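Quick notes on the structure that follows.
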Amino acid sequence: MTSTTNPEFLVSSSQLEIADTRLQKSRRLKNVGDPLQLPGKALAIEVIGNDAWIAENTTVARKIDLVVDSRQILITGAWDNTKELISSTDAHLDFVKSLLVIPSVNLLVSGSSDKIIRFWHLSAKQQPLQSAGSLSSHTRPVECLAGQVLPDGNVELCTGDTMGIIRLWTLTNDDGRWTTSLKTEFNHHRTKISDLHLGFGQLWTASADETVQVRNLLDAPGKRTPPPITHSKDVRCLLPLYLTDLREPYIVTGSGDFLRVYDVSTVEEPELLNQVESHWHDVTHIRLWMRQSTDENNQRKVEPWIVSTSLDATVRRWRLSDLLAPQPKSKVTAPSAPPQAEPESRFIMTAEEAQELDDLLDSD
């Protein structure tokens, strides 16, 4: 006799408990962060002006106006006004995990689960991308990329894999082909690199080992490195505001369903300013939004906001000034002393009564 039980329907009590907790949390956080509900989960997001460009797990790329929440669906591939496919390229043998565009040198870098990093020449021509080199150094899937153009025209590229290995490269353009040379390797994380940010002589990294770390690339060898910023869960994303146009000494991290804000004026002693229960599922991306508007006098106004996405399939918006406000410390009041019991009333005999009692005892 065959069993009709389908193992797909077997759910543990802990899974049911987690699902119920998230349901309760979704109701409690329904309007927190002025959420925009997506049809699917955001796999990637970029903010340009007042628009958010989102790649979803529904196979759709979507443009959302962050101010008025107007939405446009893109076919795929291109974020231009024509909304038509520019090109399609068979680039890797496995999932493409990360993309990095460096427009000033017409360079696209792709990282994949096939452990290979490939370089592509960007062109407006409607044809497949032209290969401009590759790099096969990692032994695990390449999870994230970061890079910048150096003053001499070379490119500094940072690559991170699921083993926790980070490598810093110099890329040189040699007649249309990018050649690489390894500058240094970092292994300060124990496992998967979740996010990388490179700039102004700093390298900020987030990892599934529950830490955020920074390395000053301009420090002399042997100098003591700053301590890790520890979290209670995997850190999926971070935003170092010092590396943005704001140049402010703060970082915002996404770990679990919390956003945390740290003052890193002194990277050796980071200070937690605020933590916000921002989503009812894990935070996946954090981006800076320079919100543009006009005031009552028709004067242009630009205000920094933070945009976050999550596995709860929402985009949420946070005024940066609110996030930077230190969380009020709860007042600790000394416990009140227990009320002292009133002393029991005691009967005290007068001298005459005592003498009378003695006389009665002596008469026996």
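Considering only the other residues whose Cβ falls under 15 Å of the Cβ of LYS115, what net charge follows from Lys and Arg at +1 and Asp and Glu at -1? Around LYS115, the charge tally is +1.
Placing a label point 7 Å from the Cα of VAL67 along the Cα-to-Cβ direction, the residues of the range 289-311 with a backbone N closer than 17 Å are 289-307.
Taking packing as the residue-averaged number of other Cβ atoms within 10 angstrom, the listed peptides 43-50, 141-148 run from highest to lowest as 141-148, 43-50. Using 0.36 nm per residue and subtracting the Cα-Cα separation, the extra length available between LYS125 and SER14 on full extension is 34.6 nm. For GLU269, neighbours were defined as the other residues whose beta-carbon sits under 14 Å from its Cβ, and their charges (Lys and Arg +1, Asp and Glu -1) total -2.
Stretched out straight at 0.36 nm per residue, the stretch from VAL302 to ILE48 would grow longer than its current Cα-Cα span by 90.1 nm.
The ratio of the alpha-carbon radius of gyration of the range 141-251 to the globular-protein estimate 2.2 N^0.38 Å is 1.08. Under 18 Å from a label point 7 Å along Cα→Cβ of ASP175: give me every residue in the range 131-158 with its amide N that close. Residues 131-134 fall inside that zone. Label separation (LEU93 vs ASN216): 4.3 nm, computed from points 7 Å beyond Cα along the C-beta direction. Determine, at each q value in 0.18 (inverse angstroms), the log₁₀ of I(q)/I(0) that the Debye formula gives when each Cα of the range 256-327 is one equal point scatterer. Normalising to I(0) and taking log10 leaves -0.79.
Applying the criteria of a DSSP loop state and at most 15 other Cβ atoms within 10 Å to the trypsin sites (Lys or Arg not before Pro) of the range 211-277 yields LYS223, ARG224, LYS233, ARG247. Which net charge results for the neighbourhood of THR253, defined as the other residues with beta-carbon distances under 10 angstrom from its beta-carbon, given Lys and Arg at +1 and Asp and Glu at -1? Charge balance near THR253 sits at +1.
Every number in this text was worked out from the coordinates using simple rules, so none of it is lab data. The model shown is predicted, which means the values in this text are computed figures rather than measured ones. For neighbour counting, all protein chains shown are included, and Cβ atoms are generated from backbone atoms with ideal geometry for every residue, glycine included.
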